[in-house]
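Q: I'd like to ask some things about the structure below.
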Amino acid sequence: MKSLTEEWKYVAGSKFLIVIFAAPLIAALFFGLMFSKNQISESPVVIIDEDHSSYSRQLIAKINASQYMKVTNVIPSRMNPDTLLANEQAVAVIVLPAGLELNRALGKSVTIGALMDNTMPSGLTGIRTAIQEIIATENMALSMTSLAQQGMDAEAIKGIISPLTLVQRMLYNPTTSFIGTMVIGFVNIVVLMITVGAAGAIAPRLRREGRLFANGTSPAQLWIRVVPYALLSTVSLLLSYGLLKQAGGMRFEAEPHLFIIPLLLYSFALSLLAMLLGYTAKDVSKAGSRMSVLLYPSFLVTGIQLTPLALPAFFQVTAWALPMNWLNRLIRGMAFRNGSLSAYSLELGALLIIIGAATLLIGLMVMKEARASHSATEQQHADSGALRII
Amino acid sequence: MKQKWIVYIGIALVLIAGGSLLAAKGMDAVSQAEHRKQGVLDADSLTVIYDKKPGTIDQVNAGIGDSVQKGDLLFKVKLEQGSEEEVLSTEDGQVTRIAVKPGDQITPGNPVAVVQQTRYRTDLFVQEGQIHKLKLNQSVKVRFPYLDQPIEVDGVVASIAAAPQFASLRMTREKGQADVSMFAVRISVASHADLLPGMTAEVDLNEIAD
C-alpha cells in the first residue's frame, strides 16, 4: 500500500500526468483534421475528346458536374495516356471516341474508354462509381426518350440494350497488388528510419566526443560527413527495389542507372534534413526521438496508404518539406508509369531546394556555435592571462 | 576562414536557386507533349458500283492489292444481249476488295470492288496560339511514333478550318486550353508501303520554323 501511495505521489508531480491526457487529445485533433475529408471529391480527370461534337461536350459537362470528378483538361486529339498521367495531374483519362454523336444518333453502340491510374488505389473508388453512374443515366435517358417517341410503352422500354458501353482499364497496378503500394512504402520507411537515426546523431555524437570542430570550424567539414550515409542508403534502396522486382513481381519500368539520380538526391536531402534536426540535440538518444518529426508524417501523408488527394490542402502542403513525398512521386512516376526523367523537374527541383535549405541552415547553426565556442576560448585565454599577471 | 564561409553559403544558395528554377520552369510530361499533335491516319476509299445493264462477269482484270489508274479496266461483263461492257476504275488507288468473281450475275447498283486512294490524310486539332505555324500547302514531317521502327514521311497541309463545334468550347478554365478556339488542320500524307489507315500520325509543331 505504501508503495502505491509513493508511486501516486511521484506521478502527480511528474510530466506523465500532463502527457497522458494532452498527447491523445492532440492526436485526436490532428488525425481528426487530417482525415476530415472522409472521401475524395473532385478527383482530377483529363478527357480526350476525339469526337469534337456538341454531344461530346454535353457529356464532358456531365462528367465535370459529378461531385467525384473535376475535368482539368480537354485534349482535342490523341495523346498517350501515359503522358497525361505521368505527373499525377490527373488520376484518370476518359476517351470519347470519334463518331460518338453520329453513332448515338444512328442508335449504334459506342464504347467509351476510362483509363485509370491505379498506383494509389485509394484515389479511384469514387471515380469508378461516378463514371458508371453517368453512363447508366445517359443510357436510360437515350433509350427511354427514343423509344417513347416511337410510341413504345414503359414496360417494353425496359428490355432494350443500352447504346453506350464503358470499358475500364486499371493501369500500372491492375490487380491492386500491395507490392507496389504498401510493401515498397514500408521498405522506404525502414530505410528512412535507419538513415535519419544515424545521420541525425552525427552532430550530438561529435559534440559529446569533443570533436565537433576537430577538423576546423568550416560547416563543410560537418556536411561532408553525411556522404557515407546518403551513398549507402541509395545503394540499399536500389537493391531492395531490385529484390521486390525480381522476387515480388513489382513493376519497375525506369532504367536503374537513371533512377540513381533521384535516389541520390533523396538520400542526401533526407540525411541533411536529419542532421539539421538532430544538430542541437543534447545527446544521441534525444536526436533519435526528434526523428519522429520526419518519420510519422512521411508514413502518413506521402501516399503510402492513402492518396494525398484525400487529405486537406494544409496536409498536402506539409508534405512538400518531406523528401519521402518526392521520392514516392518519383517511384510512382518513373518506376510504375514509365515516365522519363526529364518530366520530373518539379520533384528533382524540390529535393534540391530541401538539400540547399538544409545546407544553409546547418551552416548558420555551425557558424553560431563556432563563434560562441571561439569567444568562450578567448574569454578563457583572457582569464588565464589575467590570472598570470596577478 | 571567412572565404570558406562565403563559398559554403554561396553553394547552399545556388542549390536553392537551382532547385527553384527547376521546379518552376521545368516542363511536365503533358507540357512536353503539347506541341506534338497526333491524329489517326485515314484514307478515302471508293466503292465501285456497277451501273450498266444486267449481265454476267466474264473476266476479272484486277486483284486485291493492285495499283490502278483512273480509267483502268477492272472487269469485263457479258450482257444478256451478247455484247460486252467494261467496268473501269474511277479513281487512282489500290484495289482493297473485289466483291465478284467470274460467272456472277450482276445487276445495276451492285458494289463490285473497293478502291482505296493512295493518298492518306490525317486531321489534327491545333489551338489558336499555335495555328500561325501552319500555312496552306506547307510541307511538314509526319511521324509514326508507335510503330516498332518509327518512320517519317512527308506531308502537306491540305486545309485549315475552324473546328465548327469545338471552336466555342468552354469547358474548363483550369488550364485555359479548352477555352481557346481550335482549328482542324488536314495533313495529306504521301502513300508509303509501311503505312496503313488507322495508324497514329504525329506532327511536331516545334520542328516547324515560324
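Q: Given chain A, what percent of its DSSP beta bridges are antiparallel, to the nearest 5?
A: Working: 4 of 23 bridges.
About 15 percent, rounded to the nearest 5.
Q: Further, regarding this structure: Classify the range A:178-374 from the C-alpha gyration tensor, please: rounded if a/c falls under 1.5, else prolate or oblate depending on whether a/b exceeds b/c.
A: Details: a/c = 2.00, a/b = 1.85, b/c = 1.08.
Note, shape of the range A:178-374 comes out prolate.
Q: Between the alpha-carbon centers of the range A:205-239 and the range A:62-98, tell me the distance in whole angstrom.
A: 46
Q: Let me ask something else about it. Per-residue mean of other chain beta-carbon atoms within 10 angstrom of the beta-carbon, peptide A:346-357? Please report the intermediate quantities before stating the final value.
A: Values: counts 8, 4, 5, 9, 4, 3, 10, 9, 3, 5, 10, 5.
Whole-number average of other-chain Cβ neighbours for A:346-357 is 6.
Q: Using only the Cα atoms of chain B, build the gyration tensor, take square roots of its eigenvalues as a ≥ b ≥ c, and label the shape rounded, prolate or oblate: rounded if a/c is under 1.5, else prolate if a/b is larger than b/c, else oblate. Mind dumping the intermediate values first?
A: On the way: a/c = 4.50, a/b = 3.10, b/c = 1.45.
Taking the square roots of the gyration eigenvalues as a ≥ b ≥ c, chain B is prolate.
Q: Give me the three principal axis extents of the range A:43-171 from the C-alpha atoms, as integers in angstrom, largest value leading.
A: That gives 51, 29, 22 Å along the principal axes, largest extent first.
Q: Please order B:ASP194, B:ASP148, B:ASP28 by the number of other Cβ within 10 Å, starting at the fewest.
A: B:ASP148, B:ASP194, B:ASP28
Q: Report, in debye and to the nearest 20, how large the dipole of the protein assembly as shown comes out about its Cα centre when Lys and Arg carry +1 and Asp and Glu carry -1 on their Cβ. Please report the intermediate quantities before stating the final value.
A: Working: 51 positive and 49 negative charges, 678 e Å.
So the dipole magnitude of the protein assembly as shown works out to roughly 3260 debye.
Q: Let me know the mean shielding of B:9-17 by other chains, meaning the per-residue number of their Cβ atoms within 10 Å of its Cβ.
A: Per residue, the number of nearby Cβ atoms from other chains is 6 on average.
Q: Using 0.36 nm per residue, how much length does the chain from A:LEU238 to A:LYS62 gain when fully extended, once their Cα-Cα distance is taken away?
A: Details: separation 176, 0.36 × 176 = 63.36 nm, distance 4.47 nm.
Taking 0.36 nm per residue and subtracting the Cα distance, the gain is 58.9 nm.
Q: Taking the beta-carbon count within 10 Å as an exposure proxy, list A:ASP51, B:ASP92 from fewest neighbours to most. It would help to have the intermediate numbers written out before the result.
A: Details: A:ASP51 24, B:ASP92 15.
Taking fewest neighbouring Cβ atoms as first place, the list is B:ASP92, A:ASP51.
Q: Which lysines have a Cα less than 22 Å from the Cα of A:LYS62, not counting those fewer than 8 places away in the same chain?
A: Once the sequence-local lysines are set aside, what remains near A:LYS62 is A:LYS70, A:LYS108, B:LYS175.
Q: For chain A, rounded, prolate or oblate, judged on the Cα gyration tensor with a ≥ b ≥ c (square roots of eigenvalues), a/c < 1.5 rounded, else prolate if a/b > b/c?
A: prolate
Q: Using a 10 Å cut-off around each Cβ, can you sort A:MET144, A:MET275 from fewest to most neighbouring Cβ atoms? Please report the intermediate quantities before stating the final value.
A: Values: A:MET144 15, A:MET275 26.
Ranking A:MET144, A:MET275 by Cβ neighbours within 10 Å, fewest first, gives A:MET144, A:MET275.
Q: When averaged across all projection directions, what area in nm² does the alpha-carbon convex hull of the range B:44-117 cover? Don't skip to the answer; put the middle values down first.
A: Working: hull surface 16.3 nm².
So the mean shadow area of the Cα hull is 4.1 nm².
Q: To continue, here is another question. Roughly what % of DSSP beta bridges within the range B:44-117 run antiparallel, to the nearest 5? Can you show the working numbers first?
A: Working: 23 of 23 bridges.
Of all bridge pairs located within the range B:44-117, approximately 100 percent are antiparallel.
Q: With each run of n ≥ 4 DSSP H residues scored as -39500 (n - 2.57), what mean residue ellipticity at 222 nm is computed for chain B after dividing by its residue count and rounding to the nearest 500 deg cm²/dmol?
A: On the way: 2 runs with 29 residues, N = 210.
Computed ellipticity for chain B at 222 nm equals -4500 deg cm²/dmol.
Q: Specify the angular offset, from 0 to 90 degrees and rounded to the nearest 10, of the alpha carbon long axis of helix B:2-25 from the longest principal axis of the alpha carbons in chain B.
A: Between helix and principal axis, roughly 30 degrees.
Q: Also: Sum -39500 (n - 2.57) across every DSSP H segment of at least 4 residues in chain A, then divide by the residue count to get the 222 nm mean residue ellipticity, nearest 500.
A: Details: 17 runs with 237 residues, N = 390.
Per the formula, -19500 deg cm²/dmol.
Q: May I ask you to derive the relative contact order of the range B:44-117, considering only C-alpha pairs under 8 Å and at least 6 residues apart, and to give it as an integer percent?
A: On the way: 192 pairs, mean separation 32.8, N = 74.
Relative contact order here is 44 percent.
Values in this text are rule-based calculations from the coordinates and carry no lab data. Treat the numbers as computed from the prediction; the structure is a model and nothing was measured. So basically every Cβ, Gly included, is an ideal-geometry build from the backbone, and we count neighbours across all protein chains shown.
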